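Right, one structure below, let's go through it.
The values are calculated or read from the model by the stated rules, or taken from the named source; none is laboratory data. Remember, predicted model here, so these are calculated numbers, not experimental data. Neighbour counts are summed over all protein chains in view; Cβ atoms, including those assigned to glycine, are modelled from backbone coordinates with ideal geometry. These accessible areas exclude ligands, DNA and RNA; they are computed on the full protein's heavy atoms, side chains included. Shrake-Rupley method; radii C 1.70, N 1.55, O 1.52, S 1.80 Å.
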Amino acid sequence: MTLASNAAMKHPMFAALLLLTAAPAYSQSAPPPPPQVPNYVAALREEALADNYAWEITEGLTTEVGQRMAGTEAEARARNWAVAKLKSMGFSNVRVELFDMPTWTRGPESAEILAPFPQKLVVAALGNSGSTPPGGITGEVVGFEDMAALDAAPDEAVRGKIVFVSHGMARTQDGSSYGAFIGPRARGPSVASRKGALAIVIRSIGTDHHRNPHTGGQRFADGARPIPAGALSLPDAEQLQRILKRGKPVTMRLTLVSHTGQGQSGNVIAEVPGRDPSLPPILVSGHLDSWDLGTGAIDDATGVAIAAAAAKRIMDVGRPLRTIRIVWFGAEEMGLFGGFDYRAKHGKEPHYALAESDFGVGRIWKVDSKLGKERETEARMLQAALAPLGIVPGSLDLADGSDIGPMLGDGAPGVGLSQDGTQYFDLHHTPDDTLDKVDLDDLRQNVAAWTAMIAVLSGGIEPDPKRRNRR
Ligand SMILES: [Zn+2]
């Protein structure tokens, strides 16, 4: 069956060229009525609630590749997998843009209190941690409640010791606590190093009380010698706090072996060509790399899956006016290397909108956008198209994303579909980030929202009699 007949059967609106309806003229006093969402947008949204493409990608990537640490052979296998998958789905212009990067990989790691109460603790090295010798290092632990306390500490209090920074990260729907509490991970190792510390362990930046440490990126500031830097699981961090409160000297043996080198990462790009190739593309994205402790299911296999599944659903029914460009960024976790490489190579080209899914797979609850004043009707159409999924309108002057952040910062237009992050930091960067945590209904709600978003931005979708429906 051809696509045209199939689409026309399913969506009567497809019989005609499908374009966004023009905005009605408003009177000065009355609030504008919500824009009328075209039938084909609503139909695409509702059909996407039964999507299987995103699950197939998430399941395939986490099963056939597993963890995808940036710059390693595993990430290279993920790129090969991605190219084959995107081609098999029927996307055009599937390609890899490679770039060089410094690599860091994890070796054996353990932590043990030797005195006053000998016991093992669960630890994971942070990205770019310095390496201990294979037998570890031993030192006295000095504890700080938060970064402010470590910042204020005189060098003598820290020199030659293993610094421990605790803190209390709150659970928030929008993930704002991550930014508020990331200091011990982002700055702690550098500050401790500059004060002469032997090593640092922090309370994991996370909200669960499983005995799982949360790894994560950090980079030693200029002039700070790399020291071993690890994260304790929350139960272990609280245990260490209680031990320190007893007031006796605490000795720890810490083994965090790691390796550094040079490697290659890359962005995998695929497209749904638009009817008018001269128009700027809509960029939809996630990141292909992951941390090494789990299989990177919610961070960020689901993200790349949601973006590609939504684009595929548009392609299944016809040709958008504007090109849809899928970017599966490389090496996000180790420092947005893929995002910066894409900006270096394409940042000067206009983009119609940038969007990235990189906050797990919680249901989308809010839509923000920053499309510019002259595109306010389109932004309101986007809000109206998403409302039936339980998505509330957010700001018309806000968009964010990890890899797309640098280009958004340059002023590129963007859309932010906010996922519920209440549980995200229970799994984030832990061994628990595995496929079984992905809720299929939530994943489908995400795909439905992304499909509707792309449909609204697409400029209209026209049946393509040449293309066979691959569903
Ligand atoms: Zn991520």
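Points worth noting:
- Residues whose amide H lies under 5 Å from that of residue 197, counting only those 5 or more places away or on a different chain, are 160; hydrogens are built 1.01 Å from N in the peptide plane.
- Acute angle (nearest 10 degrees) that the helix 337-346 long axis makes with the longest principal axis of the chain, alpha-carbon atoms: 40
- Under the shape rule built on the C-alpha gyration tensor, where the axes satisfy a ≥ b ≥ c, region 276-340 is oblate, since a/c reaches at least 1.5 while a/b does not exceed b/c.
- The HN-Hα couplings worked out from phi for region 236-250 by the Karplus form 6.51 cos²θ - 1.76 cosθ + 1.60 (θ = phi - 60°) are 6, 5, 5, 4, 5, 4, 5, 5, 4, 5, 5, x, 9, x, 10 Hz, whole numbers, x standing for Gly and Pro.
- 19 Å Cα-Cα reach of residue 87 towards lysines, excluding residues that sit fewer than 8 places from it in its own chain: 312, 466
- Sorted largest first, the principal axis extents computed over the alpha-carbon atoms of the chain equal 78, 52, 38 Å.
- Interchain or long-range residues, amide H under 5 Å from residue 146's placed H: 166
- Sites residue 140 and residue 437 - FRET efficiency at Förster radius 41 Å, r taken between beta-carbons, to 0.05: 0.60
- Taking the charge dipole of the chain about its Cα centre, with +1 at Lys and Arg Cβ atoms and -1 at Asp and Glu Cβ atoms, the residue from 158, 49, 279 reaching farthest to the positive side is 279.
- Inter-label distance, nm, simple model (7 Å from Cα along the C-beta direction), residue 262/residue 119: 4.7
- Modelled spin labels at residue 112 and residue 52, positioned 7 Å past Cα toward Cβ, are 5.1 nm from each other.
- HN-Hα J in Hz across region 197-214 - Karplus 6.51, -1.76, 1.60, θ = phi - 60°, x for Gly and Pro: 5, 6, 6, 9, 10, 10, 5, 3, 7, x, 10, 8, 10, 7, 8, 10, x, 10
- The slack between residue 77 and residue 219, meaning 0.36 nm per residue of separation minus the straight C-alpha distance, is 48.5 nm.
- Accessible surface of the chain [probe 1.4 Å, protein heavy atoms]: carbon and sulfur percent: 54
- Burial order of peptide ranges 443-449, 205-211 (average beta-carbon count within 10 Å, highest first): 443-449, 205-211
- Value in Å of the Kirkwood radius, where region 142-298 supplies the Cα pairs that are averaged: 18.1
- nm² value of the averaged projected area, convex hull over the Cα atoms of region 104-174: 7.0
- Computed about its Cα centre, the charge dipole of the chain is approximately 340 debye, with only Lys, Arg, Asp and Glu carrying charge at their Cβ.
- Projected label distance in nm at residue 194 and residue 278, using a 7 Å step from Cα toward the beta-carbon: 5.3
- Ordering of 112-118, 376-382 by burial proxy (mean other Cβ atoms within 10 Å per residue, highest first): 376-382, 112-118
- Less than 5 angstrom separates the built amide H of residue 363 from those of 420, all sequence-distant by 5 or more or on a different chain.
- Both radii are taken from the alpha-carbon atoms of region 330-457; with Rh as the Kirkwood radius, Rg/Rh is 0.98.
- When each of the peptides 137-148, 357-368, 63-74, 242-253 is scored by the mean number of other C-beta atoms lying within 10 Å of its residues, the order from highest to lowest reads 357-368, 63-74, 137-148, 242-253.
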